[in-house]
1. Yes or no: segment 109-123 includes at least one residue that is open to solvent by 50 Å² or more (accessible area, probe 1.4 Å) and farther than 16 Å from Leu79 by Cα.
2. Answer with yes or no whether Phe169 is of a type outside the set (Ser, Thr, Tyr), open to solvent by less than 20 Å² (accessible area, probe 1.4 Å), within 17 Å of the chain's Cα centre (by Cα) and under 14 Å from Val75 (Cβ atoms).
3. Scanning segment 125-155 for residues that are assigned to a strand (DSSP E or B) and at pLDDT 95 or above, which turns out nearest to Ile98 (Cα to Cα)?
4. Taking segment 85-95 as the search range and keeping residues that are at pLDDT below 90 and not charged (D, E, K, R), which one is nearest to Leu156 (Cα to Cα)?
5. Using beta carbons and a limit of 8 Å, which pairs, at least six apart or on different chains, have the first residue in segment 141-167 and over 12 Å from Val108 (Cβ atoms) and the second one in a loop (DSSP other than H, G, I, E, B) and among the aliphatic types (A, V, I, L, M)?
6. Could you figure out which of (1) surrounded by 12 or more Cβ atoms within 10 Å (Cβ to Cβ); (2) at pLDDT 85 or above; (3) part of a loop (DSSP other than H, G, I, E, B) isn't true of Glu72?
Amino acid sequence: MAKKHSTETKALKLPYFVTDTAGKYRARRALTEEQIIKAASVLLNKAVFRESAITSPDITRAYLKARLRGLEHEVFVCLYLDNQNRAIECEELFRGTIDSAAVYPREVAKRCLQLNAAAVIFAHNHPSGIREPSLADKAITNQLKASLSLFDIRTLDHFIIGDGEPLSFAERGLI
């Protein structure tokens, strides 16, 4: 299996928290907002990159929102999955400007094949905060899905991160 993303495979290290046997966390002391956000990020990484399959769109949505919100430029992220829908890696493939990012299906397919991915979930942010997919968003998603299907790689979803909850192409019937 391909090497997992280093930040996702580290053991859960929350120095400011204590956990009990039921998995509930308590702060050892007063925490800054930055410390709380970092702890939440570690927990989301653990939830997405554990050994079991990704079965919850809500966890995936929360993970991607935490990763992409607040960026001042557009980025396109791929979450690569194995044939059991377990996360292999999540990486930023393309970086753009304040209102667009060029996405190349050839590069996406190449990386999927390098990681031996059986499925993929796409995500990108809209720095403007508007979550509605543009015609270009719909077109590139369809191009990616068609290109990857030639290699038997399933496209499970595409999330747009903006203000509020991330928009899911799958939930909207766009995939």
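1. So far as segment 109-123 goes, no, none of its residues is open to solvent by 50 Å² or more (accessible area, probe 1.4 Å) and farther than 16 Å from Leu79 by Cα.
2. No: the conditions fail for Phe169.
3. Ranking the candidates gives Thr155 first.
4. So, considering only residues that are at pLDDT below 90 and not charged (D, E, K, R), the one nearest to Leu156 (Cα to Cα) is Asn85.
5. Short answer, once both residue conditions are applied: Asp152/Ala118; Arg154/Ala118; Leu156/Ala170; Leu156/Ile175; Asp157/Ala170; Asp157/Ile175; Gly162/Ile130; Asp163/Ile130.
6. (1)
Rundown of residues vs (1) hydroxyl-bearing (Ser, Thr, Tyr); (2) closer than 23 Å to Glu171 by Cβ, yes/no style:
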position: Ser56; (1), (2): yes, yes
position: Arg67; (1), (2): no, yes
position: Cys78; (1), (2): no, yes
position: Gln84; (1), (2): no, yes
position: Ala102; (1), (2): no, no
position: Glu107; (1), (2): no, no
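The values are calculated or read from the model by the stated rules, or taken from the named source; none is laboratory data. Predicted model, so just to flag it, every value in this text is computed and none were measured. Note: ideal-geometry Cβ built from the backbone for every residue, glycine included; neighbour counts use all protein chains shown. For accessibility, only protein heavy atoms count, side chains too; no ligands or nucleic acids. Shrake-Rupley method; radii C 1.70, N 1.55, O 1.52, S 1.80 Å.
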